[in-house]
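Notes follow once the structure below has been shown.
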Amino acid sequence: MTNDGEALACTCAHVADERKAEHIIILCVEPLTFVADYFVIATGLNQRQIGAIVTQVRNRAHEIGHKVVGVEGDPESGWVLIDLGDVVVHVFSPEARRLYDLELLWGEAEHVDWEGAQPLEAPQP
């Protein structure tokens, strides 16, 4: 059984996967920081793909009734952060992901298996 934050993080990972993001991981950072409970980290191979991943994550959050608190960065910079409150989604270019290496920075965080989780669906009218 997953909690709401974990379900949202898994949904974001599935959305990124639908847009062909690479090396998608979810880190449970809740015991390590007050900033968020989960980080979703994904790689887009170019600016266009990064933009598509970000747009689709924002759209799905809206569809399932979850507020997007903010978005920082842009595809040209190689790093876009989507703040969903309990979940923060990081979409990187390959170069930016290697540079910032969040997996190493948050190395103590538990990895969440998102592939086996069902993504959240928009409520039916």
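Give region 35-48 a look and list any residue that's modelled with pLDDT of 95 or more and surrounded by fewer than 19 Cβ atoms within 10 Å (Cβ to Cβ), or say none.
Keep residues of region 35-48 that are modelled with pLDDT of 95 or more, which gives 36-48.
Scanning region 35-48 gives L45, N46, Q47, R48.
Taking the residues in region 61-98 that are among the charged types (D, E, K, R) and in contact with a helix residue (DSSP H, G or I) (Cβ under 7 Å, 6 or more places away or on another chain) as candidates, determine which candidate is farthest from F34 (Cα to Cα).
Taking the candidates together, the pick is E76.
Mind counting the residues in region 8-34 that are buried (at least 17 other Cβ atoms within 10 Å of the Cβ) and either free of Cβ contacts under 8 Å to residues at least 40 places away in the same chain or of a type in the set (G, A, S) (or both)?
Residues meeting the conditions: 6.
Condition test on V57, is it closer than 12 Å to T11 by Cα and buried (at least 17 other Cβ atoms within 10 Å of the Cβ)?
Values: closer than 12 Å to T11 by Cα: yes; buried (at least 17 other Cβ atoms within 10 Å of the Cβ): yes.
When the stated conditions are applied, V57 passes them.
Select from region 1-38 the residues that are of a type outside the set (A, V, I, L, M, F, W, C) and part of a loop (DSSP other than H, G, I, E, B) and write down the one among them that is nearest to A52 (Cα to Cα).
Going residue by residue through region 1-38, those that are of a type outside the set (A, V, I, L, M, F, W, C) are 2-6, 11, 14, 17-20, 22-23, 30-31, 33, 37-38.
Filter once more, keeping what is part of a loop (DSSP other than H, G, I, E, B): 2-3, 19-20, 30-31, 33, 37.
Numbers: T2: 27, N3: 27, R19: 7, K20: 10, E30: 28, P31: 31, T33: 29, D37: 24 Å.
That would be R19.
Just a yes or no: is a residue in region 69-80 surrounded by fewer than 18 Cβ atoms within 10 Å (Cβ to Cβ), among the β-branched types (V, I, T), over 14 Å from the mean Cα position of the chain (by Cα) and closer than 22 Å to A122 by Cβ? Walk me through it before giving the result.
Step one: list which residues in region 69-80 are surrounded by fewer than 18 Cβ atoms within 10 Å (Cβ to Cβ), which gives 69-74, 76-77.
With among the β-branched types (V, I, T) added as a condition, the list becomes 69, 71.
Among the residues that remain, those that are also over 14 Å from the mean Cα position of the chain (by Cα) are: none.
No, there is no match, as no residue in region 69-80 is surrounded by fewer than 18 Cβ atoms within 10 Å (Cβ to Cβ), among the β-branched types (V, I, T), over 14 Å from the mean Cα position of the chain (by Cα) and closer than 22 Å to A122 by Cβ.
Any chance you could count how many residues in region 87-125 are crowded, with 17+ Cβ neighbours inside 10 Å and charged (D, E, K, R)?
Residues in region 87-125 being crowded, with 17+ Cβ neighbours inside 10 Å and charged (D, E, K, R): 1 in total.
The values are calculated or read from the model by the stated rules, or taken from the named source; none is laboratory data. Since the structure is predicted, the reported quantities are computational estimates derived from the model, not experimental observations. Don't worry about glycine lacking a Cβ; one is built from the backbone with ideal geometry, like all the others, and counts go over all protein chains shown.
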